Amino acid sequence: MEHTAGKIGVFDSGYGGLTILKEMRRALPDYDYLYVGDNARAPYGTRSFDVVFDFTRQAVEELFRRGCHLVILACNTASAKALRSIQQHVLPVGYPDRRVLGVIRPTVEAVGEITRTRHIGLLATPGTVRSHSYRMEIEKLYPEMKITETACPMWVPLIEEGEAYGDGADYFVKKYIDAIMTEDPEIDTLLLGCTHYPILLPKIEKYVPEGVRVIAQGGIVGDSLADYLRRHPEMDARCSKNGTVEFLTTENAAIFDRLASLFMETPVESTRITL
């Protein structure tokens, strides 16, 4: 079956996936990327499994329609609540030759190589914490590890309201870090289980105890994608390579562009679509 090469699809409920996309482009600059942010319906973190699955499926099918053979769910909530169902029920029936990958498994695999104490802390949205997706993945791969999960409901609003660099953010950054380190002082690796959180990295590192590593997902997912394409040359051949990136959003494009430029650290111009 002949395939026209297509862009790598990247999906997120909003802006956070841009921190993943930025690192993918750093790891694989020659490839073409098509980003969809479902900003009009964000955040997904508080929504039910059924709703997140429906919204994620709509976005994935839109990316397939636009020629993508490979789609990355650059969203922890979508990876936690929708990835498995899409892989098991949507792809085999409608898209047997397409692939959808998430961000949780590669992150967990990397953490196993980093921690010495085998005590891990997860800082994530309430939805990701409630899903226990990280806990389940860690227990599967590293049953001896202890994981402590803390929800940080204020971090995404701070970032999206442009307050990530202000003094007011310090209070909420310190609050959640103190809480998780008090719960388990043996934690030596803190996992940022939300793609927004790297924006807060300078503040997070300020309040983390000495000797504790903070792991952001972007670099891990970028390296993991490069490895995946090396191991699957037939999929690599279906990815077009002109070094381009295109942005789509379900929200007003001017609103999206303003905040997306902050995440990408470069000007962004998007097109509005409806899912």
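The values are calculated or read from the model by the stated rules, or taken from the named source; none is laboratory data. Computed from a predicted model, the values in this text were never measured in an experiment. In this analysis, Cβ positions are derived from the backbone assuming ideal geometry, glycine residues included, and neighbour counts consider all displayed protein chains. Side chains are part of the model used for accessible areas, which takes the heavy atoms of the whole protein and leaves out ligands, DNA and RNA. Shrake-Rupley method; radii C 1.70, N 1.55, O 1.52, S 1.80 Å.
Roughly how many nanometres apart are two label points built 7 Å out from the Cα toward the Cβ at residue 130 and residue 85?
Modelled inter-label distance: 1.4 nm.
Treating only the Cβ atoms of Lys and Arg (+1) and Asp and Glu (-1) as charged, compute the dipole magnitude of the chain about its Cα centre; round to the nearest 20 debye.
It works out to roughly 500 debye.
Along region 98-105, what does the Karplus equation 6.51 cos²θ - 1.76 cosθ + 1.60 (θ = phi - 60°) give for ³J(HN,Hα), rounded to whole Hz, x for Gly and Pro?
9, 10, 10, 10, x, 9, 6, 4
What distance in nm separates the two pseudo spin-label positions at residue 237 and residue 50, each 7 Å out from Cα along the beta-carbon direction?
4.3
For residue 81, give me every one of the lysines with a C-alpha distance below 18 angstrom, ignoring sequence neighbours fewer than eight places off in its own chain.
Here the lysines satisfying the reach criterion relative to residue 81 are 140.
Could you pull out every residue, at least 5 positions away or on a different chain, whose amide H is within less than 5 Å of the one on residue 122? Hs are placed 1.01 Å off N in the peptide plane, and Pro or chain starts have none.
Residues meeting the criterion, in which the H sits 1.01 Å from N, are 148, 149, 150, 191.
Using the Karplus equation 6.51 cos²θ - 1.76 cosθ + 1.60 (θ = phi - 60°), what ³J(HN,Hα) coupling, rounded to whole Hz, does each residue of region 252-264 give in order, writing x for Gly and Pro?
3, 5, 5, 5, 4, 4, 4, 7, 4, 5, 5, 5, 7
Provide the convex hull volume over Cα atoms per residue for region 57-128, in Å³.
About 101 Å³ per residue, rounded to a whole number.
Under the Karplus relation 6.51 cos²θ - 1.76 cosθ + 1.60, θ = phi - 60°, what is the ordered set of whole-Hz ³J(HN,Hα) values for region 212-222, x standing for Gly and Pro?
9, 8, 10, 10, 9, 7, x, x, 5, 5, x
On the accessible surface of the chain, probed at 1.4 Å, how many percent belong to carbon and sulfur atoms?
That fraction is 50 percent.
For residue 174, which lysines qualify as cross-link partners when the Cα separation must be under 27 Å and same-chain residues fewer than eight apart are set aside?
22, 146, 203, 206
Over the chain, give the accessible area per residue in Å² for a 1.4 Å probe, as an integer.
Accessible surface, normalised per residue, equals 44 Å².
If amide hydrogens are placed 1.01 Å from N in the peptide plane, which non-local residues have theirs closer than 5 Å to the one on residue 213?
Here 189, 190 satisfy the definition.
Take the Cα of residue 30, step 7 Å along the line toward its Cβ, and report every residue of region 242-258 whose backbone nitrogen sits under 14 Å from that point.
Residues 242-244 fall inside that zone.
Remind me, relative contact order of region 103-250 in percent, using alpha carbon pairs under 8 angstrom and six or more residues apart?
With pairs under 8 Å counted, the relative contact order is 28 percent.
Just how far, in whole angstrom, is region 11-60 from region 154-184 if you go by their alpha carbon centroids?
Using only Cα atoms to place each centre, the spacing works out to 23 Å.
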